[in-house]
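Taken together, the values in this text are just the output of simple stated rules run on the coordinates, not laboratory data. For clarity, every value in this text was computed on a predicted model and none was experimentally measured. Note that we place each Cβ from the backbone using ideal geometry, even for glycine, and neighbour counts take in every protein chain shown.
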Ligand SMILES: [Zn+2]
């Protein structure tokens with residue numbers, strides 16, 4: 001059994017809003033080959049178990065596990081697929097290693113969002129079929145209602161939410177993997193087309209295609225493989241009641257719980273002073289502020305003014321989403337947690353290039369499965 | 001190979017779909033809740049004495065302590081507006097000609113998500129909202145037996 005688990009290799013394919021030239025298997029293959037080369041492992045010989053995250057309705061097939069082994073080098077090996085965010089996959093990899101079942105684990109997530117011809121219809125199937133779905137509402141209504149209640153309870157303003165978009169899309173201009181870099185004014189976001197008032201369309205992440213593969217290893221293997229493994233110091237996950245009728249709307253108690261689980265494992269007491277860079281949910285702009293508060297970086301209702309003071313800028317006290325986040329990179333469906341983890345690995349290796357946070361040693365990654373869910377996860381990584 | 005190198009005449013993709021139809025069983029609590037809505041025009045909740053929480057729509061068990069709930073209560077038709085949104089796209093993502101106003105109206109510790117009939121400018125979180133039901137002979141025992149909520153003046 002190994003207590004410490006490290007990320008020893010990362011690979012990616014994309015990211016691009018459309019990938020008409022490649023099948024999803026080819027996206028996964030490209031990411032896998034890169035990750036194995038980065039880790040210096042032979043998947044056929046060295047990898048003990050493989051985990052993918054995927055949702056059948058999004059893939060357009062039933063029993064997606066069947067479509068996984070070949071392009072990862074996982075045929076005739078232990079493989080399983082879970083319907084969760086990439087961080088749930090990462091947590092599963094950590095458990096496989098810490099339980100002693102495996103020493104080297106591969107975790108994969110991908111997005112072929114551009115092939116979804118009816119994405120809103122598929123998302124609507126996530127609504128409660130008896131209580132909510134008969135109303136035939138676009139699922140973004142959940143985000144509009146949550147944003148409204150969050151603004152009401154916390155005193156956060158629409159301007160502060162719009163400022164998240166300005167920051168993240170500017171950060172994305174420095175990230176070659178980001179498709180949605182832009183230099184927008186606050187007014188262009190605030191007075192853009194509405195989606196689910198008070199939520200605007202420009203405050204909602206567009207999708208992108210890509211695949212991410214990570215190689216995880218037990219400590220002794222990790223040290224043998226490379227000088228600079230990235231350690232997974234803590235990982236936590238949590239779900240609230242899914243019911244729209246009885247959940248909390250102004251707060252994210254499930255993110256608080258997931259964070260506490262990760263912080264306890266990592267021995268982290270003071271996130272503001274101990275975390276150097278954070279890649280967190282910004283599927284909708286307000287979520288970044290609401291999430292920062294749930295993670296304990298500041299008090300409830302304080303994230304908006306901290307953002308305006310520049311605290312979360314690339315050169316601020318706590319850079320948040322230096323990659324550009326989902327607003328800047330593009331949302332990658334269930335691969336989103338791994339997209340953020342990939343960015344954290346770049347930051348901790350000092351390989352983030354133009355959006356490098358100087359001297360980053362501890363990174364926080366957080367992800368949410370999106371509307372209408374109350375499903376989230378948090379990971380703490382260090383170099 | 002990149003996009004730019006592709007032969008534009010080469011076959012690119014197969015188009016398919018996943019038709020799926022289901023029966024969603026209401027269950028013991030759902031059947032009783034929707035029967036009361038249909039036959040008596042009532043919104044029912046269920047109370048957990050241990051947690052002091054009232055679930056609306058009524059459930060058969062408490063999600064906090066997992067106790068069975070047997071104390072059913074008539075919640076009336078007037079609740080409190082907890083939050084709302086103005087939705088500009090339909091379920092398939094197409095722009096709506098007339099935006100939809102949708103809200104959560106609180107009853108007990110739960111509530112009902114439904115359409116709101118009002119000028120959105122006049123709506124304020126916390127205001128009382130009343131359920132407007134379909135006439136009894138048109139009700140079928142579903143959430144659509146409620147037509148919408150409207151502002152309520154006592
Ligand atoms: Zn209870």
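List of remarks:
- FRET efficiency, residue B:61 to residue A:373 (Cβ-Cβ, R0 30 Å, nearest 0.05): 0.90
- Residues A:214, A:95 arranged by fewest to most Cβ contacts within 10 Å: A:95, A:214
- Label-to-label distance, nm, for residues given as residue B:10 and residue A:184 (7 Å Cα→Cβ offset): 3.6 nm
- Shape class of the stretch B:77-154 from the Cα gyration tensor (axes a ≥ b ≥ c, square roots of the eigenvalues): oblate, since a/c reaches 1.5 or more and a/b does not exceed b/c.
- The angle separating the long axis of helix A:158-172 from the principal Cα axis of greatest extent in chain A is about 30 degrees.
- Folded to 0 to 90 degrees: helix A:24-39 orientation relative to chain A principal axis, Cα: 60 degrees
- Rg of the Cα atoms in the protein assembly as shown, relative to 2.2 N^0.38 Å, amounts to 0.99.
- Taking 0.36 nm per residue of separation and subtracting the current Cα-Cα distance, fully stretching the chain between residue A:159 and residue A:264 would add 34.3 nm.
- Per-pair calculated FRET efficiency, R0 = 30 Å: residue A:308 and residue A:273 via Cβ, rounded to 0.05: 0.90
- Exposure proxy order (Cβ contacts within 10 Å, fewest to most) of A:51, A:189: A:189, A:51
- The stretch A:1-127: mean projected area of Cα convex hull, nm²: 8.3 nm²
- Full extension of the chain between residue B:68 and residue B:147 yields a length gain of 25.4 nm, computed as 0.36 nm times the residue separation minus the alpha carbon distance.
- In the elastic network of chain A, a GNM with C-alpha springs shorter than 10 Å, the most mobile of A:13, A:246, A:99 is A:246.
- Quarter of the Cα convex hull surface for the stretch A:18-77, i.e. its orientation-mean projected area (nm²): 4.7 nm²
- Residues of the stretch A:34-59 falling in the label zone of residue A:82, defined by backbone nitrogen less than 20 Å from a point 7 Å along Cα to beta-carbon, are A:47-59.
- Each of residue A:241 and residue B:123 was given a label point 7 Å from its Cα along the Cα-to-Cβ line. The distance between the two points is 2.2 nm.
- Multiplying the residue separation of residue A:227 and residue A:25 by 0.36 nm and removing their Cα-Cα distance gives an extension gain of 69.6 nm.
- Derived from the Cα gyration tensor, the three semi-axes of the equivalent ellipsoid of the stretch A:98-211 are 28, 24, 16 Å, largest first.
- Counting only alpha carbon atoms, the long axis of helix A:86-98 and the longest principal axis of chain A meet at about 40°.
- Cβ-Cβ FRET estimate between residue B:52 and residue A:315, R0 fixed at 51 Å, reported to 0.05: 0.55
- q = 0.12, 0.16 Å⁻¹: log10 I(q)/I(0) that the Debye formula gives for the stretch A:294-370, counting C-alpha atoms only: -0.35, -0.63
- Order of A:291, A:121, B:59 - criterion: other Cβ atoms within 10 Å of each residue's Cβ, fewest first: A:121, B:59, A:291
- For the stretch B:27-151: span of alpha carbons on each principal axis (Å, largest first): 45, 32, 28
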